[in-house]
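First comes the structure, then the notes that go with it.
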Amino acid sequence: MLIAGNWKSNCDLVMGKNLASSIVKSIKGQTLNCQIAIFPPFTCLNSVSNILKNSRISLGAQDCSEYNGGAYTGEVSAGMLLDVGCKYVIVGHSERRIKHGETSKQVRIKTLNVFNSNLKPIVCVGETEKDRDLGKENDIVKKQITSSIPIDAGAKSLSNLIIAYEPVWAIGSGLTPTINEIERMFKEIKKNLKLHLKEKYVDDIKILYGGSVNKKNSNEILSLKEVDGALIGGASLNAAEFSSICLEIYNKE
Ligand code: 13P
């Protein structure tokens with residue numbers, strides 16, 4: 001189980017350091033049955049990395065470049081993220097796909113770069129409200145999976161793959177799919193991963209749910225057998241709420 005907090009484009013340095021320190025403090029000495037990672041903006045990574053040293057919380061970045069360094073002004077490579085202490089990188093978040101026109105081909109290249117830097121990618125997929133109204137959610141998610149995952153990455157890398165299913169209409173809206181809808185989509189994703197990849201890696205691949213996860217709904221969502229964790233936006237900016245989601249005991253079989 002992985003609980004991941006995506007801070008998005010929030011927090012200046014003082015706020016970021018305070019938020020990270022508060023989460024570390026709340027978790028310290030407590031029994032945990034999940035892994036925790038936080039994803040601050042690039043500007044906070046180095047300071048937060050120092051705060052997380054000797055804690056049980058890992059560091060992640062929200063994106064990386066499709067290039068591995070060189071004359072690409074403004075780009076941050078996967079290797080630089082490893083250097084600053086990251087363990088995870090989010091790739092293909094819908095806010096990048098939609099607001100920055102990022103294609104699945106670019107997501108696939110970024111994912112490969114993340115693997116090649118010995119980091120774990122969290123590849124985001126999810127349908128828009130329009131896709132869903134047209135009954136196309138399964139097709140869209142299948143297409144995103146097949147075109148965003150580099151099947152040539154090798155077994156060792158692919159077993160480190162993490163998928164986040166984040167329906168676009170659920171992000172920041174306070175809306176979530178029903179538990180049955182989440183369960184159905186997760187089964188569909190697993191099926192598509194099995195078709196796309198070799199069967200043997202698929203059981204190692206974690207699938208997270210993201211989209212309006214908060215203290216009130218986290219227990220029910222995370223209790224689903226198919227759900228391996230959550231990617232949390234808004235609620236991860238509140239240290240008390242995020243920590244209490246992490247500290248909950250989920251009744252997994
Ligand atoms: P919210 O939890 O704010 O809906 O954001 C979800 C998300 O986009 C995480 O990556």
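The values are calculated or read from the model by the stated rules, or taken from the named source; none is laboratory data. Here the structure is a predicted model, which means the values were calculated and not measured. Cβ sites come from the backbone with ideal geometry, for glycine too, and all protein chains shown count toward neighbours. SASA here: full protein model, heavy atoms, side chains in, ligands and nucleic acids out. Shrake-Rupley method; radii C 1.70, N 1.55, O 1.52, S 1.80 Å.
Average the reciprocal distances over every distinct pair of alpha-carbons in the chain, invert the result, and give the Kirkwood radius in Å.
Averaging 1/r across every pair of different Cα atoms and inverting gives 18.2 Å.
Where only protein heavy atoms count, and the probe is 1.4 Å, what is the accessible area per residue for segment 1-97 in Å²?
Numbers: 4540 Å² over 97 residues.
In whole numbers, segment 1-97 has 47 Å² accessible per residue.
After finding the eigenvalues of the alpha carbon gyration tensor for segment 194-253, what semi-axes result from the square roots of 5 times each, listed largest first in whole Å?
Output for segment 194-253: semi-axes of 26, 13, 9 Å.
Counting only complete DSSP H runs, which helices of the chain cover 15 Å or more along their long axis at the Cα atoms and score a mean Kyte-Doolittle of 0.0 or above?
Taking the DSSP H segments of the chain (at least 15 Å long, mean hydropathy at least 0.0), we get 13-27.
Taking Cα centroids, how far is segment 21-88 from segment 106-120 in Å?
Segment 21-88 and segment 106-120 have Cα centres separated by 16 Å.
Quick check on segment 15-107: what are the equivalent-ellipsoid semi-axes from the Cα gyration tensor, as sqrt(5λ), descending, whole Å?
Semi-axes from the Cα gyration tensor: 27, 15, 11 Å.
According to a simple spin-label model (label point 7 Å from Cα along Cα-to-Cβ), what is the distance in nm between residue 138 and residue 22?
4.3
Amide H to amide H under 5 Å from residue 90: which residues, 5+ apart in sequence or cross-chain, H placed 1.01 Å off N in plane?
It is 61, 62, 63, 122, by chain and number.
Of 143/215; 130/187; 120/200; 105/142, which pairs sit farther than 20 Å apart, going by alpha carbon to alpha carbon?
Distance filter (> 20 Å) returns 143/215; 130/187.
Considering amide H positions built from the backbone, and no H for Pro or chain starts, which residues 5 or more places from residue 206, or on another chain, come under 5 Å of its amide H?
Placed amide hydrogens put 163 under 5 Å from residue 206.
Give the carbon-plus-sulfur fraction of the accessible surface of the chain in %, rounded to a whole number; probe 1.4 Å, heavy atoms of protein chains only. Kindly include the intermediate steps, with their values, before the conclusion.
Working: 5770 of 11980 Å².
C and S atoms contribute 48 percent here.
In terms of modelled amide H atoms, which long-range or inter-chain residues lie less than 5 Å from the amide H of residue 58?
36, 37, 38
Compute the accessible area per residue over segment 188-245, keeping the other protein chains in place, probe 1.4 Å, unit Å².
42
Note the per residue figure in Å³ for the convex hull of the C-alpha positions in segment 100-248.
Hull volume normalised by residue count: 123 Å³.
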